[in-house]
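One structure is given here, and the rest of the page talks about it.
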Amino acid sequence: MTTVFDLADDLGPAKVIHVHVPKVGLKGILVVDNVAAGPSIGGVRMAPDVSLTECARLARAMTLKNAMAGLPHGGGKSVIFADPKMPASEKEQLIRAFATAIGSETQYIAGPDMGTNEQCMAWVHDEIGRSVGLPRELGGIPLDQLGATGWGLAHAVKAALPFCDLDLKGARVAVQGFGSVGYHAARFLAAEGAVIVAASDSRGTIYRPEGLDPDALFRLKAEGKSVGECRDGQASGPEEIIDVECDIWIPAARPDVVTEQNADRLQTRLVAEGANIPLTSGAEELLHQRGVLVLPDFVANAGGVICAAMEYHGATQTAAFDAIAEKLTHNTTQVLQAATEDRVLPRTAAVKIAKERVRKAMATRRWGGMV
Ligand code: NAD
């Protein structure tokens, strides 16, 4: 039988808890990966096909993301094996039961992820008094509505411009996945002179070399339409966004959209990863060889978790957005300088910096901060 020790290394995981409550059909797993810098923060994912391996990998990703962001938090993640579209009353029961089961694990602070939202976090908070991504009424900062991750992404892009000889004014931007992250990144960049030449969603792509209005596209989405239905521009299928000639390409939808098989179609100078693992490692390597700068996901899309951590510590919305701007600018510059000096991929440089930070935090702690 495979155990979690097969996935372990010197950084973690520190603790794995399996939860089983047959009375409500609850099966879940909590992986606390590393808590040297402070209690772990990470989302609760609900899907029928989650796994221990997925949970452990996501928990590690949070350790690195939180360390890269310079937060006083380690990384953790939890998964619940269930269909998130179940009736609300059943979902409430499952979430409440899961929260109660992990309640004594004070080294983990739950946040929203795929299949869970701020309502779920309110239930967790009600049970154990510990979660982030809460509704405003409970002191939450509505990060998706405000665009915390898009705000951070825009700052990461700005910090990367000198490394690829680009000027934001007039830079052509294509956004793959016009949801919360994609829309807000587009609107913040457009406000500073970038031209949004293309946007896509799961149903289509819209292309207009003179520039699209992000707010008009957002209104279209709010009416339940696809960006492809925008009258101002040339419409095509969702996959076509990869062929749009641009300066900055922003994947903000699903994992693995750019692979070794289609990476050669990208005609851009900078890729800013808004989604988690939107490019395979092979695709990142191929683009690096072609001189395309790729800003890694856990550096560029940390705005959401920074906002959540600031919420947890009682900060205001303004303070949270200021912290995101400062951290993303500083961290992106540090990663790209290290990558340039060491002649390595930005992701290689970023992982090295994040792991060094975690190891330094561990060195200050009894038991390495793992218990
Ligand atoms: P969202 O659901 O608001 O938006 C996703 C968008 O992607 C939708 O418009 C959808 O139509 C589109 N999409 C789906 N499949 C597509 C396809 N094949 N081609 C083109 N578009 C497609 O989600 P979000 O909150 O914006 O998150 C987007 C990604 O960023 C996810 O991978 C998420 O895990 C990651 N992320 C989000 C945050 C955050 O703060 N929301 C933080 C870090 C990472």
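The values are calculated or read from the model by the stated rules, or taken from the named source; none is laboratory data. In this text the structure is predicted, and so the values were computed from the model without any measurement. Counting neighbours? That spans all protein chains shown, and the Cβs are built from the backbone with ideal geometry, glycine included. Quick note on the areas: whole protein, heavy atoms, side chains included, nothing else; ligands and nucleic acids left out. Shrake-Rupley method; radii C 1.70, N 1.55, O 1.52, S 1.80 Å.
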The distance between the Cα centres of the stretch 192-267 and the stretch 317-342, in whole Å, is 26 Å
Share of accessible surface on carbon and sulfur in the stretch 181-336, whole %, 1.4 Å probe and ligands ignored, is 47 percent
Helix 88-101 sits off the longest principal axis of the Cα atoms of the chain, rounded to the nearest 10 on a 0 to 90 degree scale, by 60 degrees
Over all directions, the stretch 1-56 yields a Cα convex hull whose mean projected area in nm² is 4.7 nm²
Around ASP126 (Cβ within 15 Å, Cβ-to-Cβ, excluding ASP126; K/R +1, D/E -1) the net charge comes to -1
Nearest 10, in degrees from 0 to 90: the angle of helix 148-160 to the longest Cα principal axis of the chain is 50 degrees
Taking r as the C-beta separation of ASP9 and ALA191 and R0 as 51 Å, the FRET efficiency to the nearest 0.05 is 0.75
Cα-only Rg/Rh for the chain with Kirkwood Rh rounds to 0.97
Carbon/sulfur accessible area of the stretch 131-178, % of total, 1.4 Å probe, equals 51 percent
The helix 346-363 Cα axis meets the longest alpha-carbon principal axis of the chain at an angle in degrees, between 0 and 90 and rounded to 10, of 30 degrees
Env charge @ THR116, Cβ radius under 11 Å, K,R +1 / D,E -1, value 0
GLN267 and ALA47 label points (each 7 Å along its Cα→Cβ direction) are spaced in nm at 3.3 nm
Per-residue ellipticity at 222 nm attributable to helices in the chain (runs of n ≥ 4 DSSP H, -39500 (n - 2.57) apiece, nearest 500 deg cm²/dmol) works out to -12500 deg cm²/dmol
Counting every C-alpha pair in the stretch 145-203, the percent lying more than 13 Å apart is 58 percent
Relative to the compact-globule estimate 2.2 N^0.38 Å (N residues), the Cα gyration radius of the stretch 61-144 stands at a ratio of 1.09
If the chain between SER202 and ASP167 were fully extended at 0.36 nm per residue, the gain over the current Cα-Cα distance would be 9.6 nm
Residue-normalised value, i.e. accessible area per residue, for the chain at 1.4 Å probe, in Å², stands at 44 Å²
The chain: longest segment with zero exposed trypsin sites (Lys or Arg not before Pro), where exposed means DSSP loop plus at most 13 other C-beta atoms within 10 Å, is residues 1-84
The answer for the per residue Cα convex hull volume of the stretch 27-183, in Å³, is 135 Å³
Per GNM of the chain with C-alpha springs under 10 angstrom, the most fluctuating residue out of LEU138, LEU71, LEU189 is LEU138
